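Encoded as structure tokens, the structure appears first; notes follow it.
The values are calculated or read from the model by the stated rules, or taken from the named source; none is laboratory data. Quantities reported herein were computed from a predicted structural model and do not represent experimental measurements. When we count neighbours, we look across all protein chains shown, and the Cβ atoms used for this are built from the backbone with ideal geometry, even at glycine.
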Ligand code: MN
């Protein structure tokens, strides 16, 4: 089958079966010198399963004397943060006492639970490259008021299929399961494509989103490139992807998450009063968030608009 015929068929299948296929532009901001494309949350698409935040940063290369990332101590509640790099390095420091250098292909997974604080910074001001993504997973009620934890995985399992390799960060993909702490209800995988067509294996009960980090993916007749979120909804068992050049994407998915997610600044909760308590604890330097041993300046919380 010619590629063009196949892609036309994919579009027809989306339409006939009423499957979601929505492309949203990311919102661009800069943090320091670095371009950040915020793919989630969007007004029209707040979450994909428990995935509630996605910032794609870089690629950037800075001259000596400049730091690509300097984010001082700040708090989180109710989420797991996933840090994943394609280029460069970041040092994570948190209020649990962990100091961890992360490199490409490694996973930092911080579980905030009832409260944690951390800083994220470039290791040296010496001509750095930086390219990566930070994702947040909304914790369910069953764990979101639990103890904070931190995990670093220096290598993750991979699985090859067609012209692609999937690296499994969270949950399982195909027959491959990440060693990271998760309940199997969500998946997060980096998929790198050589030129050609590959068929992604999906679970029909999961909803999915795709964020392209490098190159481009042609799905149906649409081109998906950096700076976009493709929302796929649920109901698919597979998805053909054509890569016209070597490309890398993040596949995010999971069971639809029914708990209401209220996000405000770095806090993810259910109610305004929960966020007010977290705000007051951080501003009051309460022991709830502990202390981060960092040379960077602590980030003060903005006052919630309802106070
Ligand atoms: Mn953070």
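Condition check: farther than 16 Å from residue 135 by Cβ, modelled with pLDDT under 90 and out of contact with any strand residue (DSSP E or B) (no Cβ under 7 Å at 6 or more places or on another chain). Does residue 12 satisfy that?
When the stated conditions are applied, residue 12 passes them.
All but one of (1) away from the ligand (no atom under 12 Å from the Cβ); (2) over 27 Å from residue 215 (Cβ atoms); (3) touching a residue at least 60 places away in the same chain (Cβ under 8 Å) hold for residue 91; which doesn't?
(3)
Looking at region 250-270, which of its residues are surrounded by fewer than 22 Cβ atoms within 10 Å (Cβ to Cβ) and more than 16 Å from the ligand (Cβ to nearest atom)?
Of everything in region 250-270, those that are surrounded by fewer than 22 Cβ atoms within 10 Å (Cβ to Cβ) and more than 16 Å from the ligand (Cβ to nearest atom) turn out to be 255, 256, 257, 258, 259, 260, 261, 262, 270.
Looking at the structure I just gave you, is residue 101 at pLDDT 95 or above, more than 11 Å from the ligand (Cβ to nearest atom) and closer than 14 Å to residue 80 by Cα?
no
Mind checking whether some residue in region 155-163 is in contact with a strand residue (DSSP E or B) (Cβ under 6 Å, 6 or more places away or on another chain) and within 24 Å of residue 260 (Cβ to Cβ)?
no
Do we find a residue being within 16 Å of the ligand (Cβ to nearest atom) and free of Cβ contacts under 8 Å to residues at least 40 places away in the same chain anywhere in region 60-80?
Checked region 60-80: no residue is within 16 Å of the ligand (Cβ to nearest atom) and free of Cβ contacts under 8 Å to residues at least 40 places away in the same chain.
So in region 103-122, with the set limited to residues that are more than 25 Å from residue 144 (Cα to Cα) and more than 15 Å from the chain's Cα centre (by Cα), which one is surrounded by the most Cβ atoms within 10 Å (Cβ to Cβ)? If you could, list the steps in order and put the result at the bottom.
Pass one, region 103-122, residues more than 25 Å from residue 144 (Cα to Cα): 103-105, 121-122.
Narrowing the set further to residues that are more than 15 Å from the chain's Cα centre (by Cα) leaves 103, 121-122.
On the way: 103: 12, 121: 19, 122: 21.
Going through the qualifying residues, I end up with 122.
Being in a helix (DSSP H, G or I), in contact with a strand residue (DSSP E or B) (Cβ under 9 Å, 6 or more places away or on another chain) and more than 16 Å from residue 148 (Cα to Cα) is the requirement here; does residue 293 meet it?
No.
Among the residues of region 68-80, is any in contact with a helix residue (DSSP H, G or I) (Cβ under 9 Å, 6 or more places away or on another chain) and outside any strand (DSSP E or B)?
Scanning region 68-80 turns up at least one residue that is in contact with a helix residue (DSSP H, G or I) (Cβ under 9 Å, 6 or more places away or on another chain) and outside any strand (DSSP E or B).
Can you find, within region 134-155, the residue that is nearest to the ligand (Cβ to nearest atom) among those that are part of a strand (DSSP E or B) and surrounded by fewer than 23 Cβ atoms within 10 Å (Cβ to Cβ)?
Residues of region 134-155 that are part of a strand (DSSP E or B), as a first pass: 134-138, 149-153.
From what's left, surrounded by fewer than 23 Cβ atoms within 10 Å (Cβ to Cβ): 134, 149-153.
Details: 134: 7, 149: 15, 150: 12, 151: 15, 152: 15, 153: 18 Å.
If we take residues in region 134-155 being part of a strand (DSSP E or B) and surrounded by fewer than 23 Cβ atoms within 10 Å (Cβ to Cβ), then 134 is nearest to the ligand (Cβ to nearest atom).
Within the bounds of region 270-277, is there any residue that is under 22 Å from residue 54 (Cβ atoms) and at pLDDT 95 or above?
Scanning region 270-277 turns up at least one residue that is under 22 Å from residue 54 (Cβ atoms) and at pLDDT 95 or above.
Taking only region 243-278 into account, find how many residues are more than 19 Å from the chain's Cα centre (by Cα) and part of a strand (DSSP E or B).
So the answer is 1.
Kindly indicate the residue of region 104-126 that is more than 19 Å from residue 292 (Cα to Cα) and at pLDDT 95 or above and also nearest to the ligand (Cβ to nearest atom) among those meeting that condition.
107
Evaluate region 48-66: report whether one residue or more is part of a loop (DSSP other than H, G, I, E, B), modelled with pLDDT of 95 or more and closer than 30 Å to residue 286 by Cβ.
For region 48-66, residues part of a loop (DSSP other than H, G, I, E, B), modelled with pLDDT of 95 or more and closer than 30 Å to residue 286 by Cβ: present.
What are the residues in region 279-290 that are in contact (Cβ under 8 Å) with a residue 24 or more places away in the chain and assigned to a loop (DSSP other than H, G, I, E, B), if any? Full working, then the answer.
Taking region 279-290 first, the residues in contact (Cβ under 8 Å) with a residue 24 or more places away in the chain are 279, 281-282, 288-290.
Answer for region 279-290, where residues must be in contact (Cβ under 8 Å) with a residue 24 or more places away in the chain and assigned to a loop (DSSP other than H, G, I, E, B): 288, 289, 290.
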